[in-house]
Amino acid sequence: MTKLIRPSTICISFFLLLIPCVTTTAQTRTARVIAENANLRETPSITGLAEGEVSEGMVVKILDEKLPWYVVRVGDRVGWMHGATLLFMDNAATSTEREPVRVITPAETSPLPQPTRSTADRAYIRGPRGGCYYISGSGRKVYVDRSMCN
């Protein structure tokens with residue numbers, strides 16, 4: 001005759017198997033806001049509705065990422081923040097030994113073009129592909145003959 005397994009034995013075995021899953025903690029990432037009044041957005045886009053602002057220096061908890069955007073928790077609020085507004089901290093170190101990791105945007109890595117020639121009212125700039133332009137009073141690029149930059 002075969003012995004039947006009691007339901008209580010199955011339940012106890014199940015809970016014993018779950019204990020390691022519950023006791024292991026996932027590494028949480030945190031970041032410090034480095035921009036003045038950074039926007040907390042509803043969607044990962046600059047056109048997304050800003051739910052509020054987060055002050056510079058606030059520490060936020062990273063919940064998820066969709067580069068370069070991050071889902072963060074600030075107090076009881078959850079929203080999206082751009083990675084350029086965050087300074088990531090290593091959670092393995094103690095709070096006094098944290099080494100921040102900085103997200104570098106393309107604007108920080110490429111220098112701005114310098115004027116190659118200047119007249120009384122305009123500074124002519126040679127572009128990366130050899131074109132010549134100046135910035136108008138309204139902020140637009142106005143392309144001119146390349147000889148103006150020589």
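The values are calculated or read from the model by the stated rules, or taken from the named source; none is laboratory data. This structure is a prediction, so every number in the text was calculated from the model and none was measured. Cβ placement follows ideal geometry from the backbone for every residue including glycine, while neighbour counts extend to all protein chains displayed.
Considering only residues of segment 61-77 that are in contact with a Leu (Cβ under 7 Å, 6 or more places away or on another chain) and either at pLDDT below 90 or not hydroxyl-bearing (Ser, Thr, Tyr) (or both), which is farthest from ILE34 (Cα to Cα)? Before the answer, list the steps.
Kept after step one, since they are in contact with a Leu (Cβ under 7 Å, 6 or more places away or on another chain), are these residues of segment 61-77: 70-74, 77.
Subset that is either at pLDDT below 90 or not hydroxyl-bearing (Ser, Thr, Tyr) (or both): 71-74, 77.
Values: VAL71: 16, VAL72: 14, ARG73: 16, VAL74: 14, ARG77: 18 Å.
Here the residue is ARG77.
Can you find, within segment 118-145, the residue that is modelled with the highest pLDDT among those that are part of a loop (DSSP other than H, G, I, E, B) and of a type in the set (D, E, K, R)?
That would be ASP145.
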